[in-house]
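Notes follow the structure.
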């Protein structure tokens, strides 16, 4: 069931928060600031896995915090390149990856910001 809410997503009682990259703006930046270990772990994961656009990565932190990062932009990982723009196709792939993570992790609730139109 979907419930549309307003307010600060960082105050959610949901089991996980989904955010899209890059981590230098918007919700992703706020999560980066609240969970600095997540940012460090994300860069380590990128270095090890060389993610492709359309993938997703789940992080678990102290006190049960769970964040799913949706890789929605071309480039920006590993080579210091600036991320490109997201496309509808990439966002759809990332949302499918999110669905798999939700099912695998057994999340009963997920906070997802309204995605801007691509």
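Bear in mind that the values in this text are calculations on the coordinates, not laboratory data. In this text, all values refer to a predicted model and were calculated from it rather than measured experimentally. Positions of Cβ are generated from backbone atoms using ideal geometry, with glycine treated the same way; all protein chains shown enter the neighbour counts.
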Exercise. Using alpha carbons only, how many degrees (0 to 90, rounded to 10) separate the axis of helix 36-49 from the longest principal axis of the chain?
Worked result: 50
For this session: Report, as a whole number in µm² per second, the diffusion coefficient that Stokes-Einstein gives for the chain at 37 °C and 0.692 mPa s using the Kirkwood radius over alpha carbon pairs.
Result: 226
Exercise. Nearest 0.05, what FRET efficiency do residue 14 and residue 63 give at R0 = 22 Å with Cβ-Cβ as r?
Worked result: 0.95
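List 87, 109 from most exposed to least, where exposure is judged by having the fewest other Cβ atoms within 10 Å.
Least crowded to most crowded, the residues run 109, 87.
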For this session: Starting from the Cα of residue 92, move 7 Å in the Cα-to-Cβ direction to define the label point; list residues of segment 47-77 whose amide nitrogen is under 19 Å from there.
Result: 52-56, 70-74
Exercise. When you count, for each residue, the other Cβ atoms within 10 Å and take the mean per peptide, how do 64-72, 96-104, 23-31 rank with the highest first?
Worked result: 64-72, 23-31, 96-104
